[in-house]
1. 5 Å is the cut-off here: which amide hydrogens, built 1.01 Å from N in the peptide plane, fall below it relative to residue 287, excluding neighbours closer than 5 in sequence?
2. At R0 = 35 Å, how high is the FRET efficiency between residue 345 and residue 390 if r is their beta carbon distance? Nearest 0.05 is fine.
3. Highest first, please rank the peptides 380-392, 136-148 by the mean number of other Cβ atoms sitting within 10 Å of their residues.
4. So which trypsin sites (Lys or Arg not before Pro) in the stretch 368-419 pass both tests, a DSSP loop state and at most 15 other Cβ atoms within 10 Å of the Cβ?
5. Where does the charge balance sit around residue 350 when Lys and Arg score +1, Asp and Glu -1, over other residues with C-beta under 15 Å from its C-beta?
6. Using a simple spin-label model with points 7 Å from Cα along the Cα→Cβ vector, what separation in nm is obtained for residue 198 and residue 285?
7. Set the Förster radius R0 to 56 Å, insert the Cβ-Cβ distance between residue 179 and residue 412 as r into 1/(1 + (r/R0)^6), and round the FRET efficiency to 0.05.
8. Say each of residue 46 and residue 130 gets a label point 7 Å from the Cα, pointing the same way as Cα to Cβ; how far apart are those two points in nm?
Amino acid sequence: MKQIPLLNLIADFADDARNPTMMWQIGAILASIVLGWALARVIRAAFVRRGLAAEAARFGMESFMRVLTPCLIALFLALSKYWLAKSQHVHVLSVALPLCSSLAIIRAGFYLLRKVFARQGQVGAAMLTFEKIFALLVWLAVALYITGLWPDLFEYLDETTLPLGKNKVSIATILQAIFSVAVLLMLALWAGAALEERLMNVQGLHSSLRVVIARMGRAVLILVSVLVSLSLVGIDLTVLSVFGGALGVGLGLGLQKIASNYVSGFIILLDRSLSIGDMITVDKYSGRVTHINTRYTVLQGLDGVESIVPNEMFVSGAVQNSSLSNRNLWLSTQVSVAYDSDLEMVLAMLVEAAAGVERVATTPAPAATLQRFGADGLDLQVGFWINDPENGRGGVTSDVNRAIWRALNANNISLPYPQREVRIIGTPPPGAAPLLDALG
């Protein structure tokens, strides 16, 4: 694209204003806006008409429309400039095209940032601040390009070098490297997030295997993006061998725990000993597995408290998993009845009461047994199974106890309470008669 000098910019607009052919440029700009807006709406309607509304929502079509519209407008402006440049000056189009392109770049950057760092829809203050800085830099670059100051600035940055060891690198090369790494890394993170979202919806794979593939895919994409971006700016990749040696020394000296947790994370994902939703107990922590990351696992207790447990604990210690291969969990509660109760009738009644609770499994069925002959009555135990241990034990146990209490009251079954007899051996001392009378 031919650059417009700053001093000639106003003169070029004045010449175009006196030329009747300027109306063609204005018409081309208006037509490009209308066509770009209409084509974007047609694409969106095509997704809905073909029954792909769910896919469009998952892909983020509603937010991507804000990117697609300026991109299509910029495309039509570029085509208009190409055809009109054969017969007339296109100074107005030369300004409109970078302005529209910059808007497309800004919206594309916002789209990628929010798809990577704000996937849940919550945009924080830091994200908004970074978006404002990004937009300001893009508009500043466009202003420098339109006014013709960009070549002079780039030449100055290219001639200014900084010493890096035995070599000297220009500021322009450093900025290009930072820009290429940032762009490709953002694309890699976006592709990794899209891959993870796609894999999480695949029901044919085990949840742990899906997490492993997603984590490894994201790591590979990030590594490839960094290597490719450094190669694009001409940085020799052999210099990374020094960094690799330093990283190895760091792992050997001070990062053993971190490395161990990362390796343990992949081990527990590959051997499928843990899955999202399992109820586990490790050391003094217990709860439902909500996240399995490469360094730690998040357990959410029944009280809502989340525990961040290093993955090394799951490999080096014993873990109780209530839903590894069988989700059925046995629970029990105890009750005592008077000795004069009909034992067989009471046992059947207890089984029926436990079976009437919603969370109690019908297979295996509840069972009631006589545990012992207690000091005050018959000690009975009611055992039952549940198949949703992730919902906790206290609630279902309370429901069973309440059902037993209602059944006992309905059938007039008395619950014994401790009774003790006090015997006084020998002759009571003088003056103890009133006290004995009070005791009965």
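1. Residues meeting the amide H criterion: 280.
2. On the way: r = 36 Å, r/R0 = 1.03.
It comes out at approximately 0.45.
3. On the way: 380-392: 18.2, 136-148: 14.9.
Most protected by this proxy first, the peptides run 380-392, 136-148.
4. On the way: sites: 372, 393, 402, 406; in loops: 393.
Here the sparse-neighbourhood loop sites are 393.
5. Values: positive: 402, 406; negative: 342, 344, 352, 379, 399.
Within the 15 Å Cβ shell, the charges total -3.
6. 3.3 nm
7. Working: r = 84 Å, r/R0 = 1.50.
About 0.10, to the nearest 0.05.
8. 3.3 nm
The values are calculated or read from the model by the stated rules, or taken from the named source; none is laboratory data. Please read all numbers here as calculations on a predicted model, not as lab measurements. All Cβ positions, glycine included, derive from the backbone under ideal geometry; neighbour counts span all protein chains shown. These accessible areas exclude ligands, DNA and RNA; they are computed on the full protein's heavy atoms, side chains included. Shrake-Rupley method; radii C 1.70, N 1.55, O 1.52, S 1.80 Å.
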